[in-house]
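Encoded as structure tokens, the structure appears first; notes follow it.
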Amino acid sequence: MLRKSPFRLFGLLILLCVIAYAVTFFVSAQIPERWQELSSGMKREDVKQWITPTGDTLYQPSHGQDTWLLDRPIGQWKLIVSYNEDDTFNRASLLYSSPLFGEYTRARHYAEYDRATNKHN
């Protein structure tokens, strides 16, 4: 009967741990549902209802800007939404940070709307 080398078993165990970590990371790095579907016509209350913070999402309002935080098994998502003076959606930034791969940023910018001329600046 052949006996397996302890180094081979140790190597297999390390490979399984790396695969499990990679799968958990890729699941954690998926953009949360609806966070990237904001549109320029939305008002502040529309954005808040659209994102619908759940029990695991932390909502932090401030003047002219709202922030949502979502902790994942590996890393954290942050959504920062900025508004124009009339509380219409202006800009959103998606940030993902993980301990191993650093920070990933994805921003969407919309021009401010000038009501007097009915044109975008």
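The rows are residues; the columns are (1) hydrophobic (A, V, I, L, M, F, W, C); (2) part of a helix (DSSP H, G or I).
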residue	(1), (2)
13	yes, yes
21	no, yes
25	yes, yes
30	no, no
33	no, no
38	yes, no
46	no, yes
70	yes, no
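Among the residues of the range 72-102 satisfying the criterion of being small (Gly, Ala, Ser), within 14 Å of the chain's Cα centre (by Cα) and not in a loop (DSSP other than H, G, I, E, B), which is nearest to residue 48 (Cα to Cα)?
92
How many residues does the range 57-106 hold that are closer than 14 Å to residue 35 by Cβ and in contact (Cβ under 8 Å) with a residue 40 or more places away in the chain?
The qualifying residues number 10.
Tell me, yes or no, whether the range 56-79 has at least one residue that is out of contact with any strand residue (DSSP E or B) (no Cβ under 7 Å at 6 or more places or on another chain) and among the hydroxyl-bearing types (Ser, Thr, Tyr).
Yes, the range 56-79 contains at least one residue that is out of contact with any strand residue (DSSP E or B) (no Cβ under 7 Å at 6 or more places or on another chain) and among the hydroxyl-bearing types (Ser, Thr, Tyr).
Just wondering, is there one or more residues in the range 93-104 that are over 19 Å from residue 26 (Cα atoms) and not acidic (Asp, Glu)?
Within the range 93-104, one or more residues are over 19 Å from residue 26 (Cα atoms) and not acidic (Asp, Glu).
Any residue at all in the range 40-57 that's within 10 Å of the chain's Cα centre (by Cα) and open to solvent by less than 30 Å² (accessible area, probe 1.4 Å)?
Checking the range 40-57: not a single residue is within 10 Å of the chain's Cα centre (by Cα) and open to solvent by less than 30 Å² (accessible area, probe 1.4 Å).
So residue 27 ticks every box in (1) surrounded by fewer than 14 Cβ atoms within 10 Å (Cβ to Cβ); (2) β-branched (Val, Ile, Thr); (3) under 14 Å from residue 93 (Cα atoms) but one. Which box is left unticked?
(3)
The values are calculated or read from the model by the stated rules, or taken from the named source; none is laboratory data. Everything numeric in this text was worked out from a predicted model, so none of it was measured. So basically every Cβ, Gly included, is an ideal-geometry build from the backbone, and we count neighbours across all protein chains shown. What goes into the accessible areas is simple: the full protein's heavy atoms, side chains included, and nothing from ligands, DNA or RNA. Shrake-Rupley method; radii C 1.70, N 1.55, O 1.52, S 1.80 Å.
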